[in-house]
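Below is one structure, written out as structure tokens; the observations come after it.
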Amino acid sequence: MTLKMSRVSRGAATMILAAATAGSALVVAPAAAAQDSPAPTDETTCKDAGTISVLAAFDQMAAETKAGIPAQFASMFDTNVNNLRASLVSTNVAYVDVSRDASEINAEAEDNEDPYANFAVARLDKIRNGEADAVVAFQDLTLSEVVETLVLGMYTFTVPLDVVAAGMPSIGPTPLTPIAQGVPLVGSMLTSYTTIGFFAKLPFQYGSRGIKQLAVAWQNNLTARCWDGEAAPSDEERLSDGGARPVVPVQPQERANAEYMTLDDAETCVPASAETLGAALDRVAESMRGQVPADKQGAFDAEVARLQNNARTARITNNFIMKEPEDLNPVLAYIDDPMITFAWGAVQGAVDGTASGTTAVADLTVGNGVDYTYVADSLVGMIVSKIWGTVVPGVELPVGTGTMEFSVVPNFPAVASYFSGQALDTYNNVLDTMCLVHPEDAETGE
């Protein structure tokens, strides 16, 4: 069956054809031999992107794209395609460097829409399954695996754009600044949207958003298609153990996390974020015990006991336990500010009686801990920004009949906040996506 490609599909095909050599950056060793394209059959079965091999998808897109190529360029097209295909079939990659589509993880991953978390979850799952050192032929990957990994690359490409936008100083006024300054009550706020820096960062902001939207649209187009050809082999058939040289080396902390988090048993899943801080403290202490010298074991045990006792005796008023913004007020979800959400919950709890109860710190969940980290990160960002404004003063420039101060030095605290916020988002999404291996061995918060 030959499928007619849309204009977007043709663009996607071109990207896949060009991206086929991306695997060369992940080269481990040449594959033993290139496989021939599957012979056509009388009856073709339609396959989805999670089943079809990238080699079969490559062949199909190349054939469909060639149909629109002018005859005088056909020979050149064939040469380029053959070269790309040869690179694809002769390349092996470290399996942990390959991401996984959210639809092949779980519903939580689909809701999060986070390529970084998908990559982290896929790595942890592979490490847990003993595949940290596994190698796979590029041609044996599924189309969805390759596309998700390329989407991750496109998201990563936007990081410099986001950094420039976050760090852009106000620089100076524009003709709109004095007009905004004259607006009653909100003039001082509006002026920040009329500076040279504000307009200078817009191309970076919208460029980043555009690339991400393009990546998602491209992925949706490819994964929604019906594909012909040979399915990718199973993991048992395509993986070979040993010799992997991943672009992102496996870290000891990843191995430790993979020991207590899993993707198995989704129906009975207790999210890793639901583990209590007390249970997490016990788990971490047990994992560290083997690294403590024999003559220090007593001191180590005493310190762990002290921390455990403090966690059990220290209590927090329930209205100061972070809640989801939408559980408090739908407006908070749009504001998306952890400090405002925290303050709102504290005030609302004082009104509805929540403040009358307390919870031991040991019974708070890891997810609660991440929530407090969001608040701390936001608070630290505000404080550092104030200090930065004092240490790095701006310049006074004329605006209307008076003057205004404008910054000319990049806003490095804002850049730091951008990175810490991204890291927290990814960590939070990973915890919500993965499950505790032994939920019966750990108390779980509500």
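The values are calculated or read from the model by the stated rules, or taken from the named source; none is laboratory data. These figures come from a predicted structure and were not determined experimentally. All Cβ positions, glycine included, derive from the backbone under ideal geometry; neighbour counts span all protein chains shown.
Only one of the listed residues (157, 119, 138) is of a type outside the set (Lys, Arg), touching a Gly at 6+ places or on another chain (Cβ under 7 Å) and within 20 Å of residue 248 (Cα to Cα). That residue is 138. When segment 284-326 is filtered for residues that are farther than 27 Å from residue 337 by Cβ and touching an Asp or Glu at 6+ places or on another chain (Cβ under 8 Å), the ones remaining, listed by number, are 287, 308. Pairing residues of segment 414-429 that are over 11 Å from residue 162 (Cβ atoms) with residues that are aliphatic (A, V, I, L, M) and assigned to a helix (DSSP H, G or I), at Cβ distances under 7 Å and at least 6 apart in sequence or on separate chains, gives 424/370; 426/117; 426/120; 427/370; 428/370; 429/117. Remark: pairs (first residue in segment 253-281, crowded, with 20+ Cβ neighbours inside 10 Å; second residue among the polar types (S, T, N, Q); Cβ separation under 6 Å; 6+ apart in sequence or on different chains) = 274/365; 274/444; 276/365.
Restricting attention to segment 287-326, the residues that are assigned to a helix (DSSP H, G or I) and touching a strand residue (DSSP E or B) at 6+ places or on another chain (Cβ under 9 Å) total 4. Starting from residues that are modelled with pLDDT under 95 and among the polar types (S, T, N, Q), keep the ones in segment 98-140 and report whichever is farthest from residue 88 (Cα to Cα). Restricting to residues being modelled with pLDDT under 95 and among the polar types (S, T, N, Q), the top hit is 112. A search for C-beta distances below 6 Å between a residue of segment 220-238 that is within 16 Å of residue 101 (Cα to Cα) and at pLDDT 90 or above and any residue that is of a type in the set (Ser, Thr, Tyr) and outside any helix (DSSP H, G or I), counting only pairs 6+ apart in sequence or on different chains, returns 232/53; 232/142. The residue that is farthest from the chain's Cα centre (by Cα), counting only those in segment 308-367 that are in contact (Cβ under 8 Å) with a residue 60 or more places away in the chain and within 26 Å of residue 381 (Cβ to Cβ), is 361. Of a type outside the set (Asp, Glu), under 27 Å from residue 117 (Cα atoms), modelled with pLDDT of 90 or more and in contact with a Ser or Thr (Cβ under 9 Å, 6 or more places away or on another chain), is that true of residue 379? So residue 379 does not fit the description; no. Residues of segment 319-342 that are within 19 Å of residue 369 (Cβ to Cβ) and of a type in the set (Val, Ile, Thr): 321, 341. Filtered by the rule that a residue be under 22 Å from residue 220 (Cα atoms) and surrounded by fewer than 21 Cβ atoms within 10 Å (Cβ to Cβ), segment 121-158 gives 150, 152, 153, 154, 155, 156, 157, 158. There is at least one residue in segment 109-117 that is small (Gly, Ala, Ser) and under 15 Å from the mean Cα position of the chain (by Cα). Here is the figure for segment 208-235: residues that are over 29 Å from residue 62 (Cβ atoms) and surrounded by fewer than 17 Cβ atoms within 10 Å (Cβ to Cβ) total 1. Summed over segment 51-83, the residues that are β-branched (Val, Ile, Thr), out of contact with any Lys or Arg (no Cβ under 7 Å at 6 or more places or on another chain) and in a helix (DSSP H, G or I) give a count of 3. Summed over segment 160-173, residues that are in contact (Cβ under 8 Å) with a residue 60 or more places away in the chain and either among the hydrophobic types (A, V, I, L, M, F, W, C) or within 18 Å of residue 89 (Cβ to Cβ) (or both) total 4.
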